[in-house]
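Student: To start, I am sharing the structure in question, which I have written as structure tokens.
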Amino acid sequence: MPIRVLSEKVASQIAAGEVVERPASVVKELVENSIDAGARNIQVETRDGGKRFIRVTDDGGGVPAGEVELAFHRHSTSKLTSADDLARITTLGFRGEALASIAAVSHMTFATRASGEPLGTLVRLEGGRVVTRQESGRPSGTAVTIENLFFNVPARLKFLRTERTERRHIDQWLTRYAMAYPELRFTLSHDGRNVFQSPGLGKLRDVLVAVFGLDIGAAFLEISDLQSPNFDIQVTGFVSPPSLHRANRTYITTFVNGRWVQDSSLTYAIIQAYHTLLPGGRYPLAVVMVALPPEEVDVNVHPAKAEVRFRDGDVVFRAVQKAVRSTLLERAPVPTFTPPSTAWPGLKSRGREERRERLASLAPRPAAEQLRFDGEPAKATKLEGGPIPPLRVVGQVGTTYIVAEGPEGMYLIDQHAAHERILFERLLAERQRAAVASQALLEPQPVELSPEAASLLEEHLEVLSSLGFQVEPFGGTTMLVRALPALVSETEPGQVLEDVAAALLAGDAPLEAEVEETVARQVCKRAAVKAGQVLERAEMEELIRMLERCASPRTCPHGRPTMIHLSVAQLAREFGR
Ligand code: ADP
Ligand code: MG
């Protein structure tokens, strides 16, 4: 094909692809415009997960009648005039791309009245073309309605996930902005149902309560920034006390100059601040705002503006780490060292015999019942290195690894990973027979969750119930827990549910089967013996026996190895024999 200049229509659809990925990106861009317009109240309504309908209404400055059409032109903005301004961006928008991009791939109705003008304007566009324009008597401010998103981009439409997933992404963006702008009042409704509202009273803690629920909202520690007030970098926000943690980083939210950013170094600075304060593999919850002079940060790195570049990243890293660390040391009781527990989880007060019995009952059923869940037993087993030979326990190293001897040399077994594997296979086998052991709570317990966690769990109630959870929606973001899988029956229900939700959140809308495995993995991770626990010989022997009977004994459910093998030949070589 000869080289051709793309038509304006095709070019704008391509450009739109960068900014408008899914309904949530529309919400994000429109809300940013409302914030930039000085709105105090911002209302977001969606239908069908935003696929059919999104409306963002604000009471900001509005657009003057004479400028309305300009707003839809690509690279038209009221926020920037020269390239120099780029160095001093104080608004969320500046690229002048969002409205043009969104309009190009939807049916848009833009209704606005500038505060100084008597009459407003209403413009309808289809695929970026203005089809009607009329005067409109309306309150000052702007309402943008998007219908039939991606009606002319079938490829994009096909990639949209379930309504719930799209709603979840919208929830995520809206709660982020609510946290970044506590002085603004945000409301969000899906299909006519109010799901979120921030009070708009200027207090971040109030917003955190709306987002995370009362318990967690109250537990958050406010960051006390000890830097001198003249220092260029200000760090504010809230972080969880070391007693409150999650299985992954999803609950660490960072903002730079009022803009949500995904910055691994900021996230890492926060995690670093918790060094030695959290158990391994656990992460804090945090909402951290960094404010610095606009010329110190380049926001023009990414079309969706989710990434930024700092002029001096190290200084920012240290400022964040220091502020969070000093908050923790100052506000949170320093944990005293507790010697490793010598008992299996939940069995502290019971006798040794009983312990052994319980361990034995955790063993996988005989081989005939060991189903592989991908339905390809032989291949999968081979892939993962095949069965392990009978092993003789020699001892324990560092209260974390079991040393064992086999016909082909020495084996070091990670006790936690191995136990996870054992429990995982057993749980899924029980699941196949619809016989997962479930333990009813003495009293049903209401658990308040974050809106995201609640909607995600609500989406997968059936899977949860098949794995021994009995939970039901209990109004708002509260779930009523009636029973837990027996494996985790002694864990705090809220903690288990938040862990499961966090794991689901980390995997974006997986298939039903993946959901099941994700939930099962999380349950087993909780239930498995931990590193740092002293094991008696009998317990280690039992663990090894059970591992030998697993279908995939060499990896834990997360794919990490359960064991390291040093062959006789390797040993001989190392010793120069
Ligand atoms: P940008 O935000 O990068 O300037 P947009 O395409 O998002 O680009 O918006 C273009 C222009 O339209 C903005 O600069 C602003 O002047 C105007 N505009 C968009 N939304 C609103 C709104 N809700 N209230 C007032 N003005 C708006
Ligand atoms: Mg914008």
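Student: Would you mind telling me which numbered condition in (1) more than 12 Å from ligand 1 (Cβ to nearest atom); (2) in a helix (DSSP H, G or I); (3) crowded, with 17+ Cβ neighbours inside 10 Å Ile35 fails?
Tutor: (1)
Student: So Arg55 clears everything in (1) more than 11 Å from ligand 2 (Cβ to nearest atom); (2) free of Cβ contacts under 8 Å to residues at least 60 places away in the same chain except one condition, right? Which one?
Tutor: Single failed check for Arg55: (2).
Student: Out of Gly96, Gly62, which single residue is within 16 Å of ligand 2 (Cβ to nearest atom) and surrounded by fewer than 20 Cβ atoms within 10 Å (Cβ to Cβ)?
Tutor: Gly96
Student: Hey, does segment 100-121 have a residue that's within 14 Å of ligand 2 (Cβ to nearest atom), over 28 Å from Gly200 (Cα atoms), at pLDDT below 90 and outside the structural domain of Val299 (by TED's automatic domain parsing)?
Tutor: No, that holds for no residue.
Student: Taking segment 176-220 as the region of interest, how many residues are over 20 Å from Asp499 (Cα atoms) and either surrounded by 19 or more Cβ atoms within 10 Å (Cβ to Cβ) or of a type outside the set (Gly, Ala, Ser) (or both)?
Tutor: 29
Student: Step by step: first the residues of segment 67-88, then only those that are among the polar types (S, T, N, Q) and loosely packed, with under 14 Cβ neighbours inside 10 Å, then the one that is nearest to ligand 2 (Cβ to nearest atom). Which residue is that?
Tutor: Thr81
Student: Test Gly62 against the stated conditions and say whether it is within 10 Å of ligand 1 (Cβ to nearest atom) and part of a loop (DSSP other than H, G, I, E, B).
Tutor: Spelling it out, Gly62 is indeed within 10 Å of ligand 1 (Cβ to nearest atom) and part of a loop (DSSP other than H, G, I, E, B).
Student: Can you list the strands (runs of 3 or more DSSP E) lying wholly within segment 204-310 that have 2 or more residues being farther than 22 Å from Ala506 by Cα and not aromatic (Phe, Trp, Tyr)?
Tutor: Output list reads 234-239, 286-291.
Let's see how each residue does on (1) within 16 Å of ligand 2 (Cβ to nearest atom); (2) under 29 Å from the mean Cα position of the chain (by Cα):
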residue: Val130; (1), (2): no, no
residue: Arg133; (1), (2): no, no
residue: Asn152; (1), (2): no, no
residue: Arg156; (1), (2): no, yes
residue: Arg168; (1), (2): no, yes
residue: Tyr177; (1), (2): yes, yes
residue: Glu183; (1), (2): no, yes
residue: His190; (1), (2): no, yes
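Student: In segment 437-469, how many are assigned to a strand (DSSP E or B) and in contact (Cβ under 8 Å) with a residue 24 or more places away in the chain?
Tutor: 9
Student: Identify, from the list Arg545, Arg537, Arg554, the residue that is basic (Lys, Arg), over 29 Å from Ala503 (Cα atoms), touching a residue at least 12 places away in the same chain (Cβ under 8 Å) and surrounded by 16 or more Cβ atoms within 10 Å (Cβ to Cβ).
Tutor: Sole residue among the options that is basic (Lys, Arg), over 29 Å from Ala503 (Cα atoms), touching a residue at least 12 places away in the same chain (Cβ under 8 Å) and surrounded by 16 or more Cβ atoms within 10 Å (Cβ to Cβ): Arg545.
Student: If you check Arg560 against the conditions, is it at pLDDT below 90, surrounded by fewer than 19 Cβ atoms within 10 Å (Cβ to Cβ) and in contact with a helix residue (DSSP H, G or I) (Cβ under 9 Å, 6 or more places away or on another chain)?
Tutor: It is true that Arg560 is at pLDDT below 90, surrounded by fewer than 19 Cβ atoms within 10 Å (Cβ to Cβ) and in contact with a helix residue (DSSP H, G or I) (Cβ under 9 Å, 6 or more places away or on another chain).
Student: Residue under question is Val153, and the condition is that it be buried (at least 17 other Cβ atoms within 10 Å of the Cβ) and touching a strand residue (DSSP E or B) at 6+ places or on another chain (Cβ under 6 Å); does it hold?
Tutor: no
Student: Which residue, of Thr236, Thr254, Thr250, is closer than 17 Å to Leu497 by Cβ and not assigned by TED's automatic domain parsing to the domain that holds Glu498?
Tutor: That would be Thr250, the only listed residue that is closer than 17 Å to Leu497 by Cβ and not assigned by TED's automatic domain parsing to the domain that holds Glu498.
The values are calculated or read from the model by the stated rules, or taken from the named source; none is laboratory data. As the structure is a computational prediction, the values presented were derived from the model and not from experiment. When we count neighbours, we look across all protein chains shown, and the Cβ atoms used for this are built from the backbone with ideal geometry, even at glycine.
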